[in-house]
Amino acid sequence: MHSRQEVPFGLSRLAREQAGVVSREQVLAFGLSRNVLDRLLRADSWRRIAVGMYLTAPIDPTWEALSWAGVLIGGDPARLGPESSGYLHRLVATPPRVIDVLVPADRRVRVAGPWRFIREAPGSRCDRSMGAPSRLLPATAALDLANTRSPGEVVGLMTTVTQKRLTTPERILEELAQRRVHQHRALIEGVLEDVREGVESSLEYCYLHEVERSHGLPKGTRQLRRGEFGYRIDVDYKPCGLLVELDGLLGHEGLSRFRDMNRDNRHALIGALTLRYGWFDVADRPCGVAWQVFRALVQRGYTGTFRRCRHCAAVPETDLINL
């Protein structure tokens, strides 16, 4: 208790704001003497995370604490890199084991610990930052992450960052235009154009490209809130009274199952047919899904033709339903 009283209130408040982490410079700036600092460390009231970096509690540092330490070690204007920023923006599912920290190009940082300090060339990305600890903007983080991901993961990133309303397609495209090189430029531009049309998930993107466009189906209206319902429809072929609902969940039990049943019943009351598909259907058997949608449209007055893609070009019509 005695040692805690020796810590200035302002320093304690700063530590709380920084996930319990303070630097040696901050400690001395608040008037805590070197003798008191040494006493806190010897008593294990505080712990040394790295040279000149301390955790103001006798516990193991959390990931957030280590990310704060990385930015403080990097010095102003250091900020978290794409992986760590992506995690804090909920674009990356798990915290990266190695915390990436961006520092100015003329600064060399060599400190042992769970950090990777990356020298950032001027103009390589948007220089604006946000948050505490300082991190990349969502649009910047998403573009950086996309540069190291597969095409399928890029689709997921672009739909996720916009669906969560962390940024807009316009902001991403504006920053993309400032980058001379990006390996997925064309894909990102295409995905964001689809997002503008209402695509909100990678499942919806897959349906649009692999089912609808690949087989020449009419263009459905996406994510439109119809007046007779209190919710949005994934894909609405309104002239034909056909609704397509896409479910990205692996399981579909309990309340969700009854919610969907209630929706389908409400659709039937106004003469609309509902077809439901999940990831397995759309990704593994898009031709079969497309044929089902096409036949349902034809039964409801559609006069267009079914276009074979390269996967179903040689399949007899009688077998399309089984694809």
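The values are calculated or read from the model by the stated rules, or taken from the named source; none is laboratory data. It should be emphasised that the depicted structure is a prediction, and the values quoted were computed from it without experimental measurement. Methodologically, a virtual Cβ is constructed for each residue, glycine included, from the backbone with ideal geometry; neighbour enumeration extends over all protein chains shown.
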Take the conditions within 19 Å of D76 (Cβ to Cβ) and in contact with a strand residue (DSSP E or B) (Cβ under 8 Å, 6 or more places away or on another chain) and apply them to S124. Does it pass? no
Members of the range 284-306 found to be hydrophobic (A, V, I, L, M, F, W, C) and either outside the structural domain of P218 (by TED's automatic domain parsing) or buried (at least 17 other Cβ atoms within 10 Å of the Cβ) (or both), listed by number: C287, V289, A290, W291, V293, F294, A296, L297, F306
So E212, is it in contact (Cβ under 8 Å) with a residue 40 or more places away in the chain, closer than 30 Å to V298 by Cα, in contact with a strand residue (DSSP E or B) (Cβ under 7 Å, 6 or more places away or on another chain) and surrounded by 16 or more Cβ atoms within 10 Å (Cβ to Cβ): no
Among (1) at pLDDT below 95; (2) assigned to a loop (DSSP other than H, G, I, E, B); (3) on the phi < 0 side of the Ramachandran plot; (4) not hydrophobic (A, V, I, L, M, F, W, C), which single condition is E204 missing? (2)
Matching residues in the range 108-121 - criterion: being over 28 Å from T159 (Cα atoms) and either in contact with a strand residue (DSSP E or B) (Cβ under 6 Å, 6 or more places away or on another chain) or at pLDDT 95 or above (or both): V109, V111, G113, P114, W115, R116, F117, R119
Within the group G301, G271, which residue is at pLDDT below 85 and either part of a strand (DSSP E or B) or among the small types (G, A, S) (or both)? G271
Answer yes or no as to whether R13 is loosely packed, with under 15 Cβ neighbours inside 10 Å, at pLDDT 95 or above and not aliphatic (A, V, I, L, M). yes
Residues located in the range 140-152, provided they are within 10 Å of the chain's Cα centre (by Cα) and farther than 22 Å from L66 by Cβ: A142
Go through (1) exposed (fewer than 12 other Cβ atoms within 10 Å of the Cβ); (2) modelled with pLDDT under 85 for K219 and report which single condition fails. (2)
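Just checking, does the range 214-225 include any residue being of a type outside the set (V, I, T) and in a helix (DSSP H, G or I)?
No, there is no match, as no residue in the range 214-225 is of a type outside the set (V, I, T) and in a helix (DSSP H, G or I).
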Mind listing whichever residues of the range 283-305 are touching a strand residue (DSSP E or B) at 6+ places or on another chain (Cβ under 7 Å) and within 15 Å of K238 (Cβ to Cβ)? V293, A296, L297, R300
Return only the number of the condition from (1) touching a Lys or Arg at 6+ places or on another chain (Cβ under 9 Å); (2) modelled with pLDDT under 90 that A283 does not satisfy. (1)
With the condition kept exactly as written, say whether any residue in the range 162-176 is under 26 Å from Y54 (Cα atoms) and of a type outside the set (V, I, T). no
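Working only within the range 107-149, note down all residues that are part of a strand (DSSP E or B) and acidic (D, E).
So the first thing to find is which residues in the range 107-149 are part of a strand (DSSP E or B), and the list is 115-120, 129-130, 135-136.
Hit for the range 107-149 is E120, nothing else.
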Taking the condition surrounded by fewer than 20 Cβ atoms within 10 Å (Cβ to Cβ) and over 26 Å from A146 (Cα atoms), does R90 pass? no
Are any of the residues in the range 48-58 touching an Asp or Glu at 6+ places or on another chain (Cβ under 8 Å) and either surrounded by fewer than 21 Cβ atoms within 10 Å (Cβ to Cβ) or β-branched (V, I, T) (or both)? yes
Quick one: is A78 at pLDDT 95 or above, outside the structural domain of Q18 (by TED's automatic domain parsing), touching a His at 6+ places or on another chain (Cβ under 7 Å) and of a type in the set (G, A, S)? no
Go through the range 70-116 and give me each residue that's within 16 Å of L136 (Cα to Cα), among the β-branched types (V, I, T) and under 23 Å from the mean Cα position of the chain (by Cα). V71, V92, I99, V101
